[in-house]
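Please read the structure below before turning to the comments.
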Amino acid sequence: MPDNRFEISAEEREKQTEYTALARTLVESRFEGAPKAFVHTYGCQGNVSDGEKLKGMLASIGYCFTDDVNEADLVLYNTCAVREHAEDRVFGNVGALKSLKAQNRNMRILLCGCMMQQPHIAEKIYKSYPFVDVVFGTNVIHRLPEFVYRSLSNGKRIVEIPGGDGFITEDIPLRRDSDYKAWLPIMYGCNNFCTYCIVPYVRGRERSREPAKIIEEARELVKAGYKEITLLGQNVNSYGKSPDRGYNFARLLREINDIEGEFVIRFMTSHPKDCTGELLRTMAECDKVAKHLHLPFQSGSDRILKAMNRGYTADEYLRLIDLAYSLMPDLSITADVIVGFPGETYEDFVKTKELVEKAGFTSMFTFIYSPREGTKAASLPDPVSAEEKGRWFRELLDLQERIAAGRTAKCVGKTYRVLCEGKAKSGNIEARTSGNFIIEIPADDSVTGTFRNVKVTGAKTWMLSGEIV
Ligand code: SAH
Ligand code: SF4
Ligand code: F3S
């Protein structure tokens, strides 16, 4: 029997199609011309990909889009809960909407995403922000047409944050942000329960899409002219396990690599405990797969890794990346690390620095630990002061900056096949190498979305400059 635990029922999908039509009629009668929606997404690429679905559903109802919140008839914030800072920004931005709402009777304010999936946050919004019309959680994004219709027709407030394992949302209209770079979610949720992390609580259980659907979507993207496809999941290395798809991530990569055309395949995020030699060999063998591995290690101390429930030691991590470098000498590895996990001592932190010295990351995302309500780590004693953690944080940034500068300097004089991504602030065109380095090149916008060969002529810490050859 096929495992369809995560499917949205045909009946529910039909209902949302009907709501889309109803909302469309209502919108046409209420607004002169197409109303404008301002949609902003915080957080990871998985959330950005959800944002493209939210925009797709709004477009089906008849909304067009604006970057200026002041002229919006509908504001939708798709939020993130991963650190406190992400949440503070949302509260600030939502607060500022009160006066706008007072000027536009037909305006609707909607909040969704990971932050809203937490009952204590939804409650705070309901009580303290009475001008917010709709709050909905990560398990019901496919019901946006219903929420828009109900809110526009009777003006009543809606809060919908059902719990549960979550769904696989297929066949939702998409409005992609780019016409040459695409996000392609291959799975949703997470089962790892790293003790600091809120994601498993707000995103439900790990669930993989059907391989045939993913491969078909990749094929369509390539046919439509997309040049870069990024496969998304919180732990792509466990693709296909739940529900059992009889497929693993390496095989999925191979099949997408077999699609004809010039395009780059990227993926994130990889988890060291599930990253296999088979996957690394597949990466090495597949010419379209970018030679870039984002492999968060989080800490260099085995004691802290254990307390984080990460499932590997620092030594195992280093052996894994040694294998990766030996199979792909030009591989670029990036990582995430947390400073100041509860109970971390300076000795633990020194081990993190030692790992960073050995690993030779091209770049690293460094985060100061942020307690998340409901996670295991949030109840652990945390004696180190914020100032002290701040000092460790800067030490680590300085160290990585030195290492990164060494990595970029080595690129000077080499020629890379790059995908041009559009204008940088400097007026130059930004292009990305397979290893995820950014090269700025003097060129005009006509190269955007195309591959070029570029010779590197200069290097700064995080960025290269070069010219088309
Ligand atoms: N699924 C990915 C990453 C998810 S969140 C993985 O397993 O690596 C992205 C990054 O945010 C994490 O890698 C971690 O470094 C950081 N992060 C998550 N929770 C955090 C917290 N409570 N405080 C500080 N950083 C955190
Ligand atoms: Fe969070 Fe860990 Fe899951 Fe990544 S693997 S999303 S860090 S629980
Ligand atoms: Fe944030 Fe949710 Fe992604 S918590 S990092 S938006 S999965």
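The values are calculated or read from the model by the stated rules, or taken from the named source; none is laboratory data. The structure displayed is predicted, hence computed values, not measured ones. Cβ placement follows ideal geometry from the backbone for every residue including glycine, while neighbour counts extend to all protein chains displayed. Heads up: the accessible areas ignore ligands, DNA and RNA and are worked out on the full protein's heavy atoms, side chains in. Shrake-Rupley method; radii C 1.70, N 1.55, O 1.52, S 1.80 Å.
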> Can you pull the percent of the range 324-392's accessible area that's carbon plus sulfur, 1.4 Å probe, other chains left in place?
Replying inline: 57 percent
>> Rounding to the nearest 10 and keeping the result within 0 to 90°, find how far the Cα-based axis of helix 84-95 lies from the longest principal axis of the chain.
In response: 30 degrees
>> Ranking request for peptides 303-314, 74-85: highest mean number of other beta-carbon atoms within 10 Å first, then the rest in descending order.
In response: 74-85, 303-314
> Between the DSSP loop rule and a limit of at most 15 other Cβ atoms within 10 Å, which GluC sites (Glu not before Pro) in the range 368-412 are left?
Replying inline: Glu373
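Between Leu318 and Lys358, what length comes free when the chain is fully extended (0.36 nm per residue of separation minus the Cα-Cα distance, one decimal in nm)? It would help to have the intermediate numbers written out before the result.
Numbers: separation 40, 0.36 × 40 = 14.40 nm, distance 0.79 nm.
13.6 nm is the gain from fully extending Leu318 to Lys358.
Given a Förster distance of 35 Å, report the FRET efficiency between Ser326 and Val350 from their Cβ-Cβ distance, rounded to the nearest 0.05.
Numbers: r = 27 Å, r/R0 = 0.78.
So the FRET efficiency works out to roughly 0.80.
May I ask what percent, to the nearest 5, of DSSP beta bridges between residues of the range 181-409 are antiparallel?
That works out to approximately 10 percent antiparallel.
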> For the range 94-154, which whole percent of the accessible surface, found with a 1.4 angstrom probe, sits on carbon and sulfur atoms?
Replying inline: 50 percent
> Looking at the chain, which Cys residues are left with no other cysteine's beta carbon under 4.7 Å from theirs?
Replying inline: Cys44, Cys64, Cys80, Cys112, Cys114, Cys190, Cys275, Cys286, Cys411, Cys420
>> Nearest 10 degrees is fine. How inclined is helix 346-359 to the longest principal axis of the chain, computing both from alpha carbons?
In response: 70 degrees
> In square angstrom, what is the accessible area per residue of the chain with a 1.4 angstrom probe?
Replying inline: 44 Å²
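Per the Kirkwood definition applied to all pairs of different Cα atoms, how many angstroms is the hydrodynamic radius of the chain? Before the final figure, lay out each step's value.
Details: mean 1/r = 0.0420 Å⁻¹.
Radius from the Kirkwood sum: 23.8 Å.
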> Which loop-located trypsin sites (Lys or Arg not before Pro) does the range 1-47 contain, where loop means any DSSP state but H, G, I, E or B and the Cβ has at most 14 other Cβ atoms within 10 Å?
Replying inline: Arg5
> With the dipole of the range 181-409 worked out from charges on the C-beta (+1 for Lys and Arg, -1 for Asp and Glu) around the Cα centre, which of Leu221, Ser332, Gln400 lies farthest toward the positive end?
Replying inline: Leu221
> R0 = 25 Å: FRET efficiency of Arg251 with Asp171, Cβ-based, nearest 0.05?
Replying inline: 0.55
